[in-house]
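Read through the structure below, which is laid out as structure tokens, and then see the notes.
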Amino acid sequence: MKRTIVIGSGPNGLAAAIVLAQAGLAVEVYEAEDVAGGACRTLPLTLPGFLHDFGSAVHPLGAGSPFFNTLPLAQYGLEWVHGEVPFAHPLDDGTAVLADRDLGLAERELGPDGKAWRNLMEPFARRWPQLAEGCLGPVLRIPPHPFLMARLGLSAVQSAQRLADAHFKGVRARALFAGLAAHAFLSFDEPLSSAAGLVLGVAAHAVGWPVPRGGAGSLTRALTAHLQALGGTLHTSRAIDAQSFREVTGDAAIALFDTAPAALAVIAGDRLSPGYRRSIERFQRAPGAFKIDYALSEPAPWRAAECRRAITLHLGGTFEEIAAGEYDVCHGRHPERPFVLAAQPTLFDPTRAPEGKHVLWTYCHVPNGSTVDMTDRIEAQIERYAPGFRDCILARHVSSPATLEAMDANLLGGDISGGSMAMRQFLLRPEVRSYSTGARNLYLCSASTPPGGGVHGMCGFHAAKLALFRASH
């Protein structure tokens, strides 16, 4: 049986390992940390009994992943938990805009802009399996379902500013879309800055925005259990450097890296051509994240009661305010009122905190490698919509970009996206060969390859499929 290795046990690394194991190969996964999962881990970061997601928390693309949905993950304890609505966006007038999964209810929620919202989202939501197959894969290929993908592309290539101006007139719909678009870590005047928002919005109506019961680590444990059932092996606390790479590779037929391109360059060394090394040295990081996990004595006291219907909240006010903040971050500045992404999973999954207590997961965007403490600014944004929030705090765990990188070496400078998703790197991720490094049997399968960041496993799936194809020809 041919031996293969995967370096890194994030969702993409585990997905790649499963594909290789399904093909009958002997697979070994090496993870530097003592807990598998990369940014998909659940850890006791604050007080005893409180479980916090280290990285990703809410997983629309995980629930809607074409690959994950072929796996028997429920047999290994994975259960998706949904809020009453996918996400909410509070406003300064004391109300909140809700993104209902039902498009009819969403249309009514958005009033005069409801029909435009529905017309934008419904054609893709109705065909989510085909859309996911097309957009969660390599960019430089003849896409499956080409007419559907062309229709998506006409909207997705636009800047968030242009798309919002073309479709929405009212404050509420524009704010709702701004919260989605901000997931791209791009300035709203850049091409493609609407793409992430559009896909995530469609996913909200097609599959919802659920969390795994027990935390993100439940998904990792299910993937790991399935890999082991297929005969694969996971080694934790096994950091791989250039020397140990030569040792563990041995007679391995294939090696895949669920790492940042910079780590690939260091570990693989002279197995990579000078041209490929130059290409990945030019790979640009995305802005970073400044993250705070809270242990709370009670749920956040949102002024708009509707906010308790959603696990995910987008805090940032109007479209214009969020756009200004994202522009600042992308130009090296720290906004006074940052866009804050928040998740309150214990409203619907009480397993993560002691009885009656809660956790809150938050982060804002900052320039890559920022050393500015954003704690007060994040908490001011929460207090803006939940007066008295600070009185609920039992403990907080602050993760600066440096902290995130120290806990996961792939999160360079706090980059949780696997690199910028600006136009060039959307097309060339990390360069024209995508998963292939040009070196024989050496592949990249991280979020720095298509389709990019998100918990979906599709980078690993496609990289492993390519590796198997090349190995058999």
Taking region 241-263 and keeping only residues that are crowded, with 24+ Cβ neighbours inside 10 Å and assigned to a helix (DSSP H, G or I), one is left with 261
Counting only residues in region 21-59 that are closer than 23 Å to residue 396 by Cα and among the small types (Gly, Ala, Ser), the one surrounded by the fewest Cβ atoms within 10 Å (Cβ to Cβ) is identified as 49
Report task. Might you check whether a residue that is more than 20 Å from residue 96 (Cβ to Cβ), part of a strand (DSSP E or B) and open to solvent by 10 Å² or more (accessible area, probe 1.4 Å) occurs anywhere in region 378-394? Result -> yes
For region 88-140, the count of residues that are closer than 17 Å to residue 63 by Cβ, in a helix (DSSP H, G or I) and either out of contact with any helix residue (DSSP H, G or I) (no Cβ under 7 Å at 6 or more places or on another chain) or open to solvent by 40 Å² or more (accessible area, probe 1.4 Å) (or both) equals 4
Contact list, first residue from region 272-283 and over 11 Å from residue 262 (Cα atoms), second anywhere and acidic (Asp, Glu) and crowded, with 19+ Cβ neighbours inside 10 Å, beta-carbon distance below 8 Å, six or more apart or interchain, is 276/431
Among 84, 79, the single one that is charged (D, E, K, R), open to solvent by 10 Å² or more (accessible area, probe 1.4 Å), out of contact with any helix residue (DSSP H, G or I) (no Cβ under 6 Å at 6 or more places or on another chain) and farther than 25 Å from residue 288 by Cα is 79
The number of residues in region 301-320 that are under 22 Å from residue 47 (Cα atoms) and surrounded by fewer than 23 Cβ atoms within 10 Å (Cβ to Cβ) is 1
Going through (1) more than 19 Å from the chain's Cα centre (by Cα); (2) open to solvent by 10 Å² or more (accessible area, probe 1.4 Å); (3) over 23 Å from residue 420 (Cβ atoms) one by one, residue 334 fails only at (3)
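Tell me the residue from 5, 18 that is of a type in the set (Val, Ile, Thr), touching a strand residue (DSSP E or B) at 6+ places or on another chain (Cβ under 9 Å), farther than 23 Å from residue 405 by Cα and not in a strand (DSSP E or B), please.
Details: 5 fails: not in a strand (DSSP E or B).
Only one candidate passes the filter, namely 18.
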>> Tell me yes or no: at least one residue of region 208-227 is over 21 Å from the mean Cα position of the chain (by Cα) and surrounded by fewer than 19 Cβ atoms within 10 Å (Cβ to Cβ).
In response: yes
Subset of region 359-376, residues over 30 Å from residue 236 (Cβ atoms), touching a strand residue (DSSP E or B) at 6+ places or on another chain (Cβ under 7 Å) and open to solvent by 30 Å² or more (accessible area, probe 1.4 Å), comes to 372
Subset of region 392-409, residues among the charged types (D, E, K, R) and without any contact (Cβ under 8 Å) to a residue 24 or more places away in the chain, comes to 405
(message) Please determine whether any residue of region 164-186 is assigned to a loop (DSSP other than H, G, I, E, B), under 21 Å from the mean Cα position of the chain (by Cα) and touching a residue at least 24 places away in the same chain (Cβ under 8 Å).
(response) yes
Note on region 60-76: residues of a type in the set (A, V, I, L, M) and either open to solvent by less than 10 Å² (accessible area, probe 1.4 Å) or over 29 Å from residue 302 (Cα atoms) (or both) are 71, 73, 74
* Within region 442-464, is even one residue under 19 Å from residue 22 (Cα atoms) and open to solvent by 40 Å² or more (accessible area, probe 1.4 Å)? -> yes
Among the residues of region 20-33, is any under 16 Å from the mean Cα position of the chain (by Cα) and of a type in the set (Ser, Thr, Tyr)?
no
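The values are calculated or read from the model by the stated rules, or taken from the named source; none is laboratory data. Just so we're clear, the structure is a prediction, and the values are computed from it rather than from any experiment. Virtual Cβ from ideal backbone geometry, glycine too; neighbours counted across all protein chains shown. These accessible areas exclude ligands, DNA and RNA; they are computed on the full protein's heavy atoms, side chains included. Shrake-Rupley method; radii C 1.70, N 1.55, O 1.52, S 1.80 Å.
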